[in-house]
1. Determine, yes or no, whether F20 is over 12 Å from the mean Cα position of the chain (by Cα), open to solvent by 70 Å² or more (accessible area, probe 1.4 Å) and touching a residue at least 12 places away in the same chain (Cβ under 8 Å).
2. Looking only at the range 26-51, count every residue that is open to solvent by 80 Å² or more (accessible area, probe 1.4 Å) and part of a loop (DSSP other than H, G, I, E, B) and tell me the total.
3. Which residues, counting only those in the range 49-60, are within 23 Å of A21 (Cα to Cα) and modelled with pLDDT under 95?
4. For the range 1-16, which positions are open to solvent by less than 100 Å² (accessible area, probe 1.4 Å) and either modelled with pLDDT of 95 or more or assigned to a loop (DSSP other than H, G, I, E, B) (or both)?
5. Do you know which of the residues in the range 52-84 that are hydroxyl-bearing (S, T, Y), assigned to a helix (DSSP H, G or I) and open to solvent by 50 Å² or more (accessible area, probe 1.4 Å) is nearest to N29 (Cα to Cα)?
6. Would you mind finding the one in A63, A45 that is modelled with pLDDT under 95 and touching a His at 6+ places or on another chain (Cβ under 8 Å)?
Amino acid sequence: AGQRASLAAYSFSNIASLSFAGRPTVANNRPVSGTFFQTLQLTPARGRLLAASDDRPGAPGVAVLSHQIWSTFFASDPAIVGKSIRLD
């Protein structure tokens, strides 16, 4: 079976403000392409990862939370999946 090539892009990380339900914090923000997680063959612990369709102009914003931010800021609450957060 032949291997399939894949390409992904990412940008350098920066500090961003993140808030949920009026509670603020700061987090590292690393913009990545929709194919980033698929290229690395990763699967989400909860919810979904980005997809190539997330790169379309006008597509709604999507965020993937790291395990660290999910466990510390969101107290490992599985109900956060699908909720809106504010990321500056």
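The values are calculated or read from the model by the stated rules, or taken from the named source; none is laboratory data. This structure is a prediction, so every number in the text was calculated from the model and none was measured. As a convention, Cβ positions derive from the backbone with ideal geometry for all residues, glycine included, and neighbour counts pool all protein chains shown. Please note that ligands, DNA and RNA were not included when accessible areas were found on the heavy atoms of the full protein model with its side chains. Shrake-Rupley method; radii C 1.70, N 1.55, O 1.52, S 1.80 Å.
1. Spelling it out, it is not the case that F20 is over 12 Å from the mean Cα position of the chain (by Cα), open to solvent by 70 Å² or more (accessible area, probe 1.4 Å) and touching a residue at least 12 places away in the same chain (Cβ under 8 Å).
2. Residues that pass the stated criteria total 8.
3. The one that is within 23 Å of A21 (Cα to Cα) and modelled with pLDDT under 95: P60.
4. The initial filter retains those residues of the range 1-16 that are open to solvent by less than 100 Å² (accessible area, probe 1.4 Å), namely 2, 5-6, 8-9, 11, 13-14, 16.
Result: G2, A5, S6, A8, A9, S11, S13.
5. Quick first cut of the range 52-84, residues hydroxyl-bearing (S, T, Y) only: 53, 66, 71-72, 76, 84.
Imposing the further condition that a residue be assigned to a helix (DSSP H, G or I) reduces the set to 53, 71-72.
Narrowing further to those that are open to solvent by 50 Å² or more (accessible area, probe 1.4 Å): 53, 72.
On the way: S53: 20, T72: 16 Å.
If we take residues in the range 52-84 being hydroxyl-bearing (S, T, Y), assigned to a helix (DSSP H, G or I) and open to solvent by 50 Å² or more (accessible area, probe 1.4 Å), then T72 is nearest to N29 (Cα to Cα).
6. One residue alone meets the criteria, A45.
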